[in-house]
Amino acid sequence: MVYSVKGMKNVYSSTLGFSRMGQDRKLKKLLESYWKGTISQQELAMGGIAVRSSNWDLMDDAGLDIIPVGDFAFYDHILETSVGFKLIPPRFRHIEDFVESYFAMARGVSDDDAQAQTHTRAHAVAPMEMSKWFDTNYHYIVPEFEPDTVFGYDEANKLIHESSTALEFFKKKSHSTLTHFERVRPVLIGPVSYILLGKMSNGDSVETHLESLLESLVPQYCVLLDKLADLGITTFQLDEPFLATTINEQVHRCYHDVYTKLNAHKSPQLSLMLASYFDEIASNVTLIRDLPVDIVHLDMGFSKNWELGTLFDSDKAISLGLVNGRNIWKHDLTRSIETIEEHIKKHPSIIATGKKLILSSSCSLLHCPRDLDDEPALKPEIKDWLAFAKQKIEELSLLTRVCNQRIAHTDSSAEDKKALAENAESIIARKQSPLIHKPDVQARLSTTGSDPKYYTRKSEFAVRKATQSDLGLPLFPTTTIGSFPQTPEIRKTRRLYKKGDVSTDAYQEEMRGHIASTIAFQERLGLDVLVHGEPERNDMVEYFGENFDGFISTQNGWVQSYGSRCVKPPIIYGDLQCQQEITSNWIAYAQSLTKKHVKGMLTGPVTILQWSFVRDDIPRSQVANQIALLIRDEIDALVHKGTRIIQVDEPAFREGLPLRTEKHREYLDWAIAAFKLATCGVEDSIQIHTHMCYSEFNEIFDSIAAMDADVISIEASRSKMELLAAFSQFNYPNDIGPGVYDIHSPRVPSKEEIRDLLTRALKHISREHLWVNPDCGLKTRQWKEVEASLKNMVEVAIEFRSQEHVQ
């Protein structure tokens, strides 16, 4: 029997969060204008209000019933949570101005900024550490805890303020059967996940202090519960993504204790919604079923989450994360309607009297571009297969309307029937399109797939290192990660070239000029291994996507990576081919300008996969291998033109690791294989580098070693080389370049800081294996700070080549 409540809807639409940047990246422009000093704090605040209001209007106009509030952040939602609970590391407490303190924690304070902000009593200070948000390319600011940390409650709490504002906003809206108190759903990271996302300043494991930190933190969540209840809010969303990971008994126990306390404290009129996403919850289903929460959100992109009948049959309302919040393909609405009907029949308590069923995105739409309507130039056939954040909300609204009609045994409107039919046609058209499948690509992949010679270097690393000694590099060789500042002039020329307003000859001539000046700049500083600076590249992934058949790029498909930094992931829609060399001519030109070695710069197959929107009709491992073969071809072209050092960046290698430990081995096996398929076709004399970004590598050192790159560079400056302890314990055999210059901050590291970092590095890595480089590429930085930073870096490396500086 299917239950329905007369005169009421049984099914409601929602999403867990929305894109923060606004149309045309309005927030990015506001932030960068504020940092440059061209707008005031008040103008920044008003701009933020405009972005939030625009998002609320868009969601309301699309027919969404329940609206997330508190998902907006000026830099990062975890940083805003820290600030809201008065977790301010001691080094920032001297900054009296709240806004300056907030951005200092995210970006640090440079010497120039400190001098310009004398009214805040600021001085130069390093920013907080940054890390990847689970297996996404979003970066969050890592909370810093002391063993005796005491959390507080900020009376100017952002979540309460935004919730109050949203109530007034939706009080004037009338599209939903819900009241504005029911429509506004505040969202915050849950207390257990928040602590697990942080780090201890003394180097201890966070779990060592988990109970004591929660003992201080949970009362502050209770204050929030009271404040939200006072506003009349009926549901509070707490995100606990760690429930989709493998957790130990201690964490299991903490979840039970924390939510028992929250439930006991909250007003009966306030429901708690527990949200997990990014993976299945199978091993934690008993815990979640027993937690005293009112609504549970599940990421239904994982089939096992559909099978959890014990949860569906519990006394909890369910939020089904149906529409993929991390990809851009249209949702198969017909299939979902059939699946929902099947599960309602199997679990009628899902919509029992007075109980809501919520249809939602799998996770926050933070990870999706904003609006497909902003893409007039996309190829129509491919555009018809896509849905961005706005379109996903429209899908949810349609799905919800049809489900309610089916439950009530009423007929859908002609408009809804037409929309369903068009959706079904798009799904079928994509499956049958000749654009997708290329037999010659499949044949090549079949040939290489089972042949070991494609996946192994000719000699082990020790032999290769001896062979590569003729490169003539000194101890502590200095280099950069690849890109140099992308000036407005460079971006303008690329933009005009794409529009056809600049000829190919004129464009190439200007890019060569930028390359020549970058080479001269590096020689003047005394760097040992040079790069061409990448002026021709808009993005390390999108650039390759634009040159591969089977990719398509967008004009405005921006997604936030961190702060004001946005990326525009290309879309992989079919089998991949490349008809021409991509980078070798640029690198060969740069090499012609200098006697020093110029690195060839390529992006690795796993990173291109991770930082693209990927086709979902074949396994990701197959897509990775298709990319790997194209990168292998590009390496061959570079070697043919005389390049001896080639960097194949894999900053997303760790990011791709599944959340659940039982899935790690399968991913690592194919990810390692893809990297080796790309890089193992060269002679011993060719030095292969790779680069990896902010990550916890401890559990995958064997896999990093198995990649067998001659040199790996890693981001390490913000963590003060903590990561190298694990490299040392693992006895990592190859060369390492730990970053000594944090490029995500505008501040210039002093020689003293760099000396300290290299001294720390030498405790774990022998001098024969140690390279000196920045944390990451310099694309987003300014030339002035880059010059000062690299000058300090090179001078310290030269100092360390003398015996008295090396232990």
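A few notes on this one:
- Difference of contour (0.36 nm per residue) and Cα-Cα distance, SER212 to THR456: 82.9 nm
- Accessible surface ranking that places the most exposed of ASP135, ASP294 first, with a 1.4 angstrom probe: ASP294, ASP135
- Per-residue 3J(HN,Hα) values for the stretch 260-266, derived from phi via the Karplus relation 6.51 cos²θ - 1.76 cosθ + 1.60 with θ = phi - 60°, read 5, 5, 5, 5, 5, 8, 5 Hz in sequence order (x marks Gly and Pro).
- Relative contact order for the stretch 448-556, counting Cα pairs under 8 Å that sit 6 or more residues apart, in percent: 29
- Label point distance in nm, LYS763-HIS640, each placed 7 Å from Cα along Cα→Cβ: 4.9
- Where a label projected 7 Å from the Cα of ASN585 along Cα→Cβ would reach, residues of the stretch 636-666 with amide N under 18 Å: 636-643
- Taking N as its residue count, the alpha carbon Rg of the stretch 522-571 over 2.2 N^0.38 Å: 1.51
- Theoretical gain in end-to-end length, GLU662 to THR487 [0.36 nm per residue, Cα-Cα removed]: 58.5 nm
- If R0 is taken as 45 Å, the Cβ-Cβ distance between LYS26 and ASN263 corresponds to a FRET efficiency of 0.70.
- Relative packing of 30-39, 704-713, which averages over residues the other C-beta atoms within 10 Å, highest first: 704-713, 30-39
- A crude spin-label estimate for the pair SER205 and ALA706, with each label 7 Å from Cα along the Cβ direction, gives 2.4 nm.
- For LYS227, the accessible area of its heavy atoms, probed at 1.4 Å with every protein chain present, is near 70 square angstrom.
- Of the residues TRP771, GLY550, MET200, the one whose Cα sits farthest toward the positive end of the charge dipole of the chain, with +1 on the Cβ of Lys and Arg and -1 on the Cβ of Asp and Glu, is GLY550.
- Dipole-positive endmost among MET540, ALA419, LEU322 within the chain (Cβ charges, Cα centre): ALA419
- Taking Cα centre as origin and charging only the Cβ of basic (Lys, Arg, +1) and acidic (Asp, Glu, -1) residues, the dipole magnitude of the stretch 513-597 rounds to 380 debye.
- Taking all protein chains as shown and a probe of 1.4 angstrom, ASP257 keeps an accessible surface of around 70 Å².
- Karplus-derived 3J(HN,Hα), 6.51/-1.76/1.60, for each residue of the stretch 742-759, Hz, glycine and proline x: 7, 7, 7, 10, x, 6, 9, x, 6, 4, 4, 5, 5, 4, 4, 5, 5, 4
- Relative packing of 93-100, 14-21, which averages over residues the other C-beta atoms within 10 Å, highest first: 14-21, 93-100
- Between the listed residues VAL502, HIS514, CYS403, the Cα displaced farthest toward the positive end of the dipole of the stretch 377-515, a dipole computed from Cβ unit charges relative to the Cα centre, is found at HIS514.
- By a 1.4 Å probe calculation restricted to protein chains, HIS343 has an accessible surface near 20 Å², given to the nearest 10.
- Computed as a quarter of the hull surface, the mean projected area of the alpha carbon convex hull for the chain stands at 33.0 nm².
- Principal semi-axes in Å for the stretch 151-282 [√(5λ), Cα gyration tensor, largest first]: 29, 17, 13
- Annotation: amide H of THR690 within the under-5 Å range of VAL648, VAL711, ILE712, SER713, sequence separation 5 or more or interchain, hydrogens built in the peptide plane.
- Karplus (6.51, -1.76, 1.60) ³J(HN,Hα), θ = phi - 60°, over the stretch 448-453, in Hz, Gly and Pro reported as x: 7, x, 10, 9, x, 5
- Nearest-20 debye value, the stretch 640-790 charge dipole, Cβ charges on Lys, Arg, Asp, Glu: 420
- The label-point distance for GLN405 and VAL223, in a model that sets each label 7 Å from Cα toward Cβ, rounds to 4.9 nm.
- About its Cα centre, the dipole of the stretch 173-277 is roughly 460 debye, where the only charges are +1 on Lys and Arg Cβ and -1 on Asp and Glu Cβ.
The values are calculated or read from the model by the stated rules, or taken from the named source; none is laboratory data. Quick caveat: nothing in here was measured; it's all calculated off a predicted structure. Glycine gets a Cβ as well: all are built from the backbone with ideal geometry, and neighbour counts include every protein chain shown. Keep in mind that these areas ignore ligands, DNA and RNA; they rest on the heavy atoms of the full protein, side chains included. Shrake-Rupley method; radii C 1.70, N 1.55, O 1.52, S 1.80 Å.
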